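The values are calculated or read from the model by the stated rules, or taken from the named source; none is laboratory data. What you are looking at is a predicted structure, and each value in this text was computed from that prediction instead of being measured. Glycine gets a Cβ as well: all are built from the backbone with ideal geometry, and neighbour counts include every protein chain shown. Each accessible area value is taken on the protein alone, full model and side chains, heavy atoms only, with ligands, DNA and RNA left out. Shrake-Rupley method; radii C 1.70, N 1.55, O 1.52, S 1.80 Å.
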Amino acid sequence: MAVDKILKDDASEQKGEHAKMALFVGAISIADLVKTTLGPKGMDKILQSTGRGREVTVTNDGATILKSLHIDNPAAKVLVDISKVQDDEVGDGTTSVVVLAGELLREAEKLLAAKIHPMTVMAGYRMAAECALKALLQKVKDNKENEEKFKSDLTKIAMTTLSSKILSQDKEYFAKLAVDAVMRLKGSTNLEAIQIIKKPGGSLKDSFLDEGFILDKKIGLGQPKRIENAKILVANTAMDTDKVKIYGARVRVDSMAKVAEIEAAEKQKMKEKVDKIIAHGINCFVNRQLIYNFPEELFANAGILAIEHADFDGIERLALVTGGEIASTFDNPESVKLGHCNLIEEIMIGEDKLIKFSGVEMGQACTIVLRGASHHVLDEAERSLHDALCVLSQTVNDSRVLLGGGWPEMVMAKEVDELARVTPGKKSHAIEAFSRALVAIPTTIADNAGVDSAELIAQLRAEHHKEGSNAGIDVISGSVGDMAVLGISESFKVKQAILLSATEAAEMILRVDEIITCAPRRREDRM
């Protein structure tokens, strides 16, 4: 007896060829979507939301573009995920990883059409990925011991990362800024200590790095504008007048004098709270919530600087860099850890007044103030700088460096080709395909720069057959150039992450032979 149907009405399944076809098409189209943003001459995308306000984002960052897409295709979602992980893990290479995974699948599609089993393809890919990684490891440079060389390596890496972003015009300036900020971290990868403030106005060149912490708030009326040797209490507590905080409670009185008594009691309660806070021996009070006029006046009389509405991000970071803890009760002054800094003062950036904390406990803290023509420019500049900071902080820990500009891919492709020649059986086809997929990255860089990619890649391949070649694509002159002379460097960690993530994602998609789309459960089924 034949079973008609196992799945419910709204569910559907795709099997065999159909499933594979759907996956390949989805993954390759996602890769093609971000392909044009790759490299120094890559173009940007405008993302417009259909929600209220129709927000517009202009970006070149692969992860940001893919994060904003609403995607139905399961293979496309896998690629979006690897770009997100790449962004969180190393910060850069988010487009490359998707392009490489897309190319691996494009090659796999041809192999499957030639009746080679997916498992064979995967085994070949895995061998090729190992071989490619070994090839890179033989070529890495590590200048950790020589501080000057290492710093110049970092600057080169930052300039390479920034050259494909909006900051490419002033990349020397921003690279120096990013390297200075990361060097202050002394090997920590905690980017919390580097705060980025965006202020519209001026041009990108007016951006600067400031040591210490800048809080985007104004100093209240009648309060000291400058405090030396500050003791800071960072708090998250209600400083509005302590009304009867029981909702729905009513107080009935029989005369106006009683109302005045209640108000006086409220005031007294507030004054007691302020006295408790002052008893901590502080001269600066930063609160996440509102501070009403009355407590503000009390603080001003005591010569304490009170800052209200320092949003959550602000107080979290302030507590971190000044070495304090966020307090919400004030009964035991001895158990509250205060923050310290040498100087608090008001500064002007553009039209706005901000508060600067210098000489903070956590010496590595610093603030990068970005200036620019509009919010869109500033948002994109922040994303670009964040990528550079991530890559640099990872490189400080893992100081191995490679040349850039398509050089690593050509080195890997050459070694993988050699492996394909000595590998017997059908696997060799898959290994060869892997090498073709690697070459797709320099090809795309060349295509985006508007030069003849076929010609350039042929020249590159010939150059790489010479021993110890540093040849890569020089997009500025549109020819093959020496990457060591041009100072184009990349972090080994980024390349390694791209290679491994893309191979694993391609393998995962290749393993699939059926897609089952389930209908959402209906309410009554849940009984």
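Just to confirm the number: angle between the C-alpha axis of helix 312-322 and the first principal axis of the chain, 0 to 90 degrees, nearest 10?
That works out to roughly 90 degrees.
Packing-wise, with mean Cβ within 10 Å as the measure, how do 255-263, 507-515 rank, highest first?
507-515, 255-263
How do the peptides 290-298, 430-438 rank, highest first, by the average count of neighbouring beta carbon atoms within 10 Å per residue?
Top of the packing list down: 430-438, 290-298.
Under the 0.36 nm per residue contour assumption, what length would be gained going from the current alpha-carbon distance of residue 373 and residue 508 to full extension?
44.2 nm
What does the C-alpha gyration tensor say about the overall shape of segment 1-146? Classify as rounded when a/c is under 1.5, otherwise prolate if a/b is larger than b/c, or oblate.
Oblate shape, in that a/c is at least 1.5 and b/c is the bigger or equal ratio.
Could you calculate the contour length gain from residue 137 to residue 218, that is, 0.36 nm times the residue separation minus the distance between their Cα atoms, to one decimal place in nm?
23.9 nm
Per residue, what accessible area does segment 249-371 have, given a 1.4 Å probe and all protein chains present, in Å²?
With the other protein chains kept in place, segment 249-371 gives 51 Å² per residue.
Please state the charge dipole magnitude for the chain, taken about the Cα centre, from unit charges on C-beta atoms (+1 on K and R, -1 on D and E), reported in debye and rounded to the nearest 20.
580 debye
Considering amide H positions built from the backbone, and no H for Pro or chain starts, which residues 5 or more places from residue 307, or on another chain, come under 5 Å of its amide H?
When sequence neighbours closer than 5 places are left aside, the close amide H contacts are 285, 286, 287.
Take every Cα-Cα distance within segment 1-71, group them into 5 Å bins from 0 onward, and report for each bin the whole-number percent of pairs it holds.
Here the calculated profile for segment 1-71 is 3, 12, 16, 15, 13, 11, 10, 9, 5, 3, 2, 1, 0.
Determine the relative contact order of segment 155-240: mean sequence separation of Cα pairs under 8 Å and six or more apart, normalised by residue count, in whole percent.
21 percent
Under a plain spin-label model, where a point goes 7 Å from the Cα along Cα-to-Cβ, how far apart in nm are residue 226 and residue 71?
5.5 nm
If you wrap segment 231-327's Cα atoms in a convex hull and average its projection over all directions, what's the area in nm²?
Approximately 7.0 nm², given one-decimal rounding.
Among 510, 476, 497, flag the residue with its Cα farthest along the positive direction of the charge dipole of segment 470-515, charges on Cβ as +1 for Lys/Arg and -1 for Asp/Glu.
Farthest towards the positive pole: 476.
In debye to the nearest 20, how big a dipole does segment 1-80 give about its Cα centre with +1 on each Lys and Arg Cβ and -1 on each Asp and Glu Cβ?
I would put it at about 260 debye.
Take the alpha carbon atoms of segment 174-302, find their radius of gyration, then divide it by 2.2 N^0.38 Å using N residues; give the quotient.
1.55
Where does helix 147-162 land angle-wise versus the long Cα axis of the chain, in degrees 0 to 90, nearest 10?
80 degrees
³J(HN,Hα) across segment 10-21 via Karplus (A = 6.51, B = -1.76, C = 1.60, θ = phi - 60°), whole Hz, x for Gly/Pro?
7, 8, 9, 9, 10, 10, x, 4, 4, 4, 4, 4
Between rounded, prolate and oblate, where does segment 396-454 land on the alpha carbon gyration tensor, with a ≥ b ≥ c its root eigenvalues, rounded for a/c under 1.5, else prolate if a/b exceeds b/c?
Here segment 396-454 falls in the oblate category.
Got a number for carbon plus sulfur as a percent of the chain's accessible area, 1.4 Å probe?
Here carbon and sulfur together make up 51 percent of the probe-accessible area.
Using Cα atoms only, what is the angle between the long axis of helix 171-184 and the major principal axis of the chain, expressed in degrees (0 to 90) to the nearest 10?
60 degrees
Which FRET efficiency value, to the nearest 0.05, is calculated for residue 32 and residue 289 with the Förster distance at 51 angstrom and r the Cβ-Cβ distance?
0.55
If amide hydrogens are placed 1.01 Å from N in the peptide plane, which non-local residues have theirs closer than 5 Å to the one on residue 196?
Amide H to amide H, under 5 Å and 5 or more residues apart or across chains, residue 196 pairs with 368.
Run the quick spin-label model on residue 269 and residue 183: label points 7 Å from Cα toward the beta carbon, then report their separation in nm to one decimal.
Roughly 5.5 nm, to one decimal.
For residue 147 and residue 13, what is the calculated FRET efficiency with R₀ set at 51 Å and r taken between the beta-carbons, to the nearest 0.05?
Once rounded, the FRET efficiency stands at 0.25.
Using packing as a proxy for protection, rank 34-43, 402-411, 151-160 so that the peptide with the highest average count of other Cβ atoms within 10 Å comes first.
402-411, 151-160, 34-43
Once the piece of chain linking residue 192 and residue 479 is laid out straight, how much longer is it, given 0.36 nm per residue of separation minus the C-alpha distance between them?
Length difference between fully extended and current span is 99.2 nm.
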